[in-house]
1. In region 435-472, what count of residues is obtained for those that are surrounded by 20 or more Cβ atoms within 10 Å (Cβ to Cβ) and farther than 18 Å from Asp389 by Cβ?
2. Test of understanding: among Pro146, Pro178, which residue is assigned to a helix (DSSP H, G or I), modelled with pLDDT under 90 and either open to solvent by less than 20 Å² (accessible area, probe 1.4 Å) or of a type in the set (A, V, I, L, M, F, W, C) (or both)?
3. Only one residue in Ile21, Ile90 is open to solvent by 70 Å² or more (accessible area, probe 1.4 Å), closer than 30 Å to Ile356 by Cβ and outside any loop (DSSP other than H, G, I, E, B), so which one is that?
4. What residue, of Thr226, Thr221, is at pLDDT 85 or above, touching an Asp or Glu at 6+ places or on another chain (Cβ under 8 Å), under 16 Å from Leu280 (Cα atoms) and among the hydroxyl-bearing types (Ser, Thr, Tyr)?
5. Which one of Lys313, Lys284 is open to solvent by 40 Å² or more (accessible area, probe 1.4 Å), in a helix (DSSP H, G or I) and modelled with pLDDT under 90?
6. Restrict the check to region 332-347 and report whether at least one residue is assigned to a strand (DSSP E or B) and surrounded by fewer than 12 Cβ atoms within 10 Å (Cβ to Cβ).
7. Name the single residue, out of those in region 47-70 being open to solvent by 50 Å² or more (accessible area, probe 1.4 Å) and among the hydrophobic types (A, V, I, L, M, F, W, C), that is nearest to Ile90 (Cα to Cα).
8. Which residue, of Val134, Val77, Val124, is under 29 Å from Asp299 (Cβ atoms) and either at pLDDT 90 or above or out of contact with any helix residue (DSSP H, G or I) (no Cβ under 8 Å at 6 or more places or on another chain) (or both)?
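The values are calculated or read from the model by the stated rules, or taken from the named source; none is laboratory data. Fair warning: this is a prediction, and the values are worked out from it, not measured in the lab. Methodologically, a virtual Cβ is constructed for each residue, glycine included, from the backbone with ideal geometry; neighbour enumeration extends over all protein chains shown. Note: areas computed on protein heavy atoms with side chains; ligands, DNA, RNA excluded. Shrake-Rupley method; radii C 1.70, N 1.55, O 1.52, S 1.80 Å.
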Amino acid sequence: MEVAIIMMVIFLFTDIMVVGISMFAHAGKEEYSEGMIFGVHIPKEKVEEEIVQAIVQKYKRQFKKFQRWNMLLGILVCGLAFVGMGIFIIVWTIWLTEYIVGLYWFVYGTHRKMYDLKVSNGWVMESSKQIIYVDTEVSANADKMPLSKKWYLLLFCLICLVMLFPQMQTYLREENTPYVLFGITLAVNLFFFGFHWWIERRPTVVYSKNSQVNMVLNQLTKRMWTICLLACAVVNTAAWLYMSICMIKNQWLTSADFCIYILLQIIASAVLMGGLCWLLQKKKEVMSVNTEMIETDDDVYWKNGWYSNPHDKRLFVQDRMCGMNYSMNMAKTSAKIFTAVISAVLIGCAVWIAAILVEFATTEVTVEMKNGIMDIRAAYYDYQIKTEDILAVKMIEEMPEDNFYRSNGGDTEKFLIGHFRGKETGKCMMFLYKEETPILEIQLKDMTVFLNSENEKETEEWYNYARDRVVD
């Protein structure tokens, strides 16, 4: 029940944040702004034409309905955490896939309709198709716009410093968890640092013939992006430091500690998204009063919903339909390779997770007893016990009163399988049906094994086999 509540809260917050931010990021695309409607450049006098307004009104109705229904579904799906974790993850993944595909269809499908309408009506602005603007005054001040990268050096030092504490070294000899958390923290901060560096080196953008407007918009973009990235790195480091203090002070991590760690990571994501939403709103405000706007009709390179311009040397460009995103130039080979690799990894991960969920849903705990060896298997886990290594064996009606956490295993509505650790028990492996008793507890030199069967007589058979050989 505790795990179900934690998962429900985490995913509920995530679903609300995903749908809410998406609604904000894609809002206003049906309005004429920066010479565009739905990311397509058309003459201002054509906006009020009946065929254009028909597309606008249809989009507004369907998009609002789509977002509201998916917000409701996202909230309802989280209730399945109490039914079963496997079912919940599968249904949640289906919902998220439906939401992403549906969002793409609504936004980019409408974009393509507007582009086709523009081409069929000859609304192409030939005079502004290949014009390249450069604002030398803004470019000269580009280095002063972003936040300094030096702050990351302090964060990296803090991350590494705690690994040197004697108490941490003691805990490291018993557990691998600190290494995993350390690696994650370091990798995430390196990503933020790399992104910060790219934002800093990214060329300035010319939005207007007015240099002051360009200066304000470029400084807003570079400064806010780098502030958000640094803030995320700070929160990520704080999450690691919190876990480190717990490990140093208590030589232990509780479920509550992991919940706080996850909560801090969610806060980091919210800080990033909130900052970028604020940036998007401020840019809209500045552009709304810009009377010297530059219109470059490069819609042909966005006609498929992504950017593909073989004449552009840039790999990443500002996304046309979502000002919070960057898109890759799919005309470049490196972009195609990167997209293919990421897609393969995501598909592979989805198949792997699905296979694990199916295995846990259909598995059984089995024990093969032969030649003084108990070969225990369930799901993807197995452990062989030589009866000569057994120090003690007993039957218990319930698990010991201890604070267990899972280090590498599965915790479903039916099973506890894999590697666990108890504050008092220490390292242990579990092959347990949650609702079944009795439980066989086998104490070895360096760990304890807990197992049982759906059949009480089978559990007793395992117990007798182990006990008889301990006595002998």
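1. Qualifying residue count, region 435-472: 4.
2. Sole residue among the options that is assigned to a helix (DSSP H, G or I), modelled with pLDDT under 90 and either open to solvent by less than 20 Å² (accessible area, probe 1.4 Å) or of a type in the set (A, V, I, L, M, F, W, C) (or both): Pro178.
3. Result: Ile90 is the single residue among Ile21, Ile90 that is open to solvent by 70 Å² or more (accessible area, probe 1.4 Å), closer than 30 Å to Ile356 by Cβ and outside any loop (DSSP other than H, G, I, E, B).
4. It is Thr226.
5. Details: Lys313 fails: in a helix (DSSP H, G or I).
From the options Lys313, Lys284, the qualifying one is Lys284.
6. No.
7. Filtering region 47-70 for residues that are open to solvent by 50 Å² or more (accessible area, probe 1.4 Å) and among the hydrophobic types (A, V, I, L, M, F, W, C), the one nearest to Ile90 (Cα to Cα) comes out as Trp69.
8. Val134 is the lone residue from the list that is under 29 Å from Asp299 (Cβ atoms) and either at pLDDT 90 or above or out of contact with any helix residue (DSSP H, G or I) (no Cβ under 8 Å at 6 or more places or on another chain) (or both).
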